[in-house]
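Chemist: First the structure, which I've put down as structure tokens, then a few questions once you've had a look.
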Amino acid sequence: MNITWVLGQPHGHEKGSFLTVDLGGTNLRVCWITLPGARGQPSIIQERYQMSKQVKTGTANQLWDEVADRMETFIRDQRLDETTTQPLPLGFTFSYPAMQDFIDHGVLQTWTKGWDVKGVEGEDVTTQFREAMEKRRLPVKLVALVNDTTGAMIASAYHDPKTVIGAIFGTGCNAAYMEDSDSIPKLAGRLPPACPVAINCEYGAFDNSHIVLPMTKYDHLIDKESPRPGEQAFEKMSAGLYLGELFRLVLIDLAKRDLIFQGQDDSRLDKSYILDTGFLSAIEDDQSPGLQNTATSFTAHTGIELNNQERQVCRQLAELIAIRGARLCACGIAAICNKKNIKAGHVAADGSVANKHPKFKRRWADALAEIFDWSEDRIEDPIVLTPAEDGSGIGAAVIVAMTLERMSKGEVVGVKEATDMRDGSQKTAEMHNNLKKDSRRFKC
Ligand code: GLC
């Protein structure tokens, strides 16, 4: 449960142009976002760059050099440095667990989702990133470090005030919500009571001690063979990165016991992570007679020909794995709703599973209905999954705007390097050796 220092929901009139960088999945995305204010439609100029496996498992220097190089190219191509004398305000979406003492600071607790870059865990990622930007003299000021879940919540709340939770059901699984400052012992009085603060739950790490969730032998195998065994227990059972891999492990087990693929060469199935969640979605979506499409795609991926019975096995297995995942995703959201006594509202969700799996949304809603015992003849569900606005871009931009607005009023609690971007004057929270003093300067 990480404090994000995002204080309250946006009012919808945030304005200005902001740089954002999104690091958290397959691509690195750099955007220049203009918020028009009055809940208007933001404009976005963006570039995506593929992150190689080498960078995702390389060294800290390689990673930050790559990110800063891409930003440099983007700034130059868009001629952003020619339009202003002030540094460009940056929102950095970093979709990994980071402990934040300030909004512009964050120590990576552990890599998740298969990333494994040496020399970053336990370090302040904003310092490492700033150093790479400074080497290139980029005219940029990192204002906010943002988790994708918080970004999804804030970007959606910018347009839709009914948003109560931001969630990612994609490669990873996680959610953010607003908590009252007086319920957060970790804050140790740094904010006045009843001040809303966004919390990044990081509940992908729920049950890392393996005492609550009923795990199968395949779950144990996924865990054992991952770069961080013993971590992200809940995520490994529910998120997109792992669903296809679970499917592969079950099939291998059935084949070893000679129950399927008799007499066929199944060696291509031995390669980890060759089947992704898109593959499972396609199986569930298959309307072709005799599941012909499933068979064709399975042969293309593995070289194995499926007989009729094996096609049915694949379909049922894809269903079982996706149903369990969707129901676990509903449990995470239900836990937040129970804790906050949320009876109605919008859960703004992003991610490949939420957006692309054909049956996720229905299964997720059915599971919530069971948990909360919603009446069968309800006209609509009180808690609804809504497609999140672009959290890692627009969400990060809105959070930067909210933070700059606070800083311009001298409300620097939770900001490490507070510069008034209008006049360049320094308002560094570290200068206030008594942090409680700045908490009194902050109005909720
Ligand atoms: C992982 C990360 C978390 C992120 C989620 C969704 O769980 O640890 O920070 O929000 O994936 O991308």
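The values are calculated or read from the model by the stated rules, or taken from the named source; none is laboratory data. Since we're looking at a predicted model, the values are computed, not measured. When we count neighbours, we look across all protein chains shown, and the Cβ atoms used for this are built from the backbone with ideal geometry, even at glycine.
Chemist: Would you say V55 is more than 16 Å from the ligand (Cβ to nearest atom), among the β-branched types (V, I, T) and touching a residue at least 24 places away in the same chain (Cβ under 8 Å)?
Modeler: Judged against the criteria, V55 is a match.
Chemist: Next question, about the same structure. For the range 252-266, what are the residues that are of a type outside the set (A, V, I, L, M, F, W, C), free of Cβ contacts under 8 Å to residues at least 12 places away in the same chain and at negative phi?
Modeler: Scanning the range 252-266 gives K256, R257, Q262.
Chemist: Go through the range 344-363 and give me each residue that's away from the ligand (no atom under 16 Å from the Cβ), under 24 Å from M178 (Cα atoms) and crowded, with 17+ Cβ neighbours inside 10 Å.
Modeler: Across the range 344-363, the qualifying residues are G345, H346, K361.
Chemist: Can you pull out the residues in the range 72-97 that are over 22 Å from Y49 (Cβ atoms) and within 25 Å of the chain's Cα centre (by Cα)?
Modeler: Scanning the range 72-97 gives a single hit, P97.
Chemist: Tally the residues that are under 13 Å from the mean Cα position of the chain (by Cα), surrounded by 24 or more Cβ atoms within 10 Å (Cβ to Cβ) and over 17 Å from L404 (Cβ atoms), restricting the search to the range 151-175.
Modeler: Matching residues across the range 151-175 total 12.
Chemist: Of these, G244, G290, which one is away from the ligand (no atom under 16 Å from the Cβ) and either farther than 23 Å from P214 by Cα or charged (D, E, K, R) (or both)?
Modeler: Exactly one residue qualifies, and that residue is G290.
Chemist: Which fully enclosed helices (runs of 4 or more DSSP H) of the range 219-303 have 3 or more residues being surrounded by fewer than 22 Cβ atoms within 10 Å (Cβ to Cβ)?
Modeler: Per the criteria, 240-256, 277-285, 292-302.
Chemist: Oh, and also: Determine which member of the set L19, L108, L88 is buried (at least 22 other Cβ atoms within 10 Å of the Cβ) and under 30 Å from C195 (Cα atoms).
Modeler: Selected residue: L19, the only one of L19, L108, L88 that is buried (at least 22 other Cβ atoms within 10 Å of the Cβ) and under 30 Å from C195 (Cα atoms).
Chemist: I need every pair where a residue in the range 92-113 that is of a type in the set (V, I, T) and at pLDDT 95 or above has its Cβ under 6 Å from the Cβ of a residue that is part of a strand (DSSP E or B) and within 12 Å of the ligand (Cβ to nearest atom), sequence separation at least 6 or different chains.
Modeler: T93/D22; T93/V146; V107/M99
Chemist: Just wondering, is there one or more residues in the range 324-340 that are crowded, with 16+ Cβ neighbours inside 10 Å, touching a residue at least 40 places away in the same chain (Cβ under 8 Å), in contact with a strand residue (DSSP E or B) (Cβ under 7 Å, 6 or more places away or on another chain) and of a type in the set (K, R)?
Modeler: yes
Chemist: In addition: Exactly one condition in (1) among the acidic types (D, E); (2) within 30 Å of Q54 (Cα to Cα); (3) assigned to a loop (DSSP other than H, G, I, E, B); (4) away from the ligand (no atom under 16 Å from the Cβ) is not met by E134; state its number.
Modeler: (3)
Chemist: Can you work out which of the residues in the range 35-57 that are buried (at least 17 other Cβ atoms within 10 Å of the Cβ) and part of a loop (DSSP other than H, G, I, E, B) is modelled with the lowest pLDDT?
Modeler: Applying the filter and picking the extreme gives M51.
Chemist: Collect the residues in the range 137-175 that are away from the ligand (no atom under 16 Å from the Cβ), touching a strand residue (DSSP E or B) at 6+ places or on another chain (Cβ under 7 Å) and among the aliphatic types (A, V, I, L, M), keeping them in residue-number order.
Modeler: Result: V140, L142, V143, A157, V164.
Chemist: Here's a follow-up. Quick one: in the range 176-212, of everything that is more than 22 Å from L385 (Cβ to Cβ) and within 16 Å of the ligand (Cβ to nearest atom), which residue is surrounded by the fewest Cβ atoms within 10 Å (Cβ to Cβ)?
Modeler: Here the residue is D207.
Chemist: Name the pairs: first residue in the range 231-251 and under 22 Å from D207 (Cα atoms), second residue modelled with pLDDT under 95 and of a type in the set (D, E), Cβ to Cβ under 7 Å, at least 6 apart or on different chains?
Modeler: Listed by first residue and then by second, the contacts come to G244/D276.
Chemist: If you don't mind, another one. Exactly one condition in (1) in contact with a helix residue (DSSP H, G or I) (Cβ under 6 Å, 6 or more places away or on another chain); (2) over 20 Å from L213 (Cβ atoms) is false for T299; which is it?
Modeler: (1)
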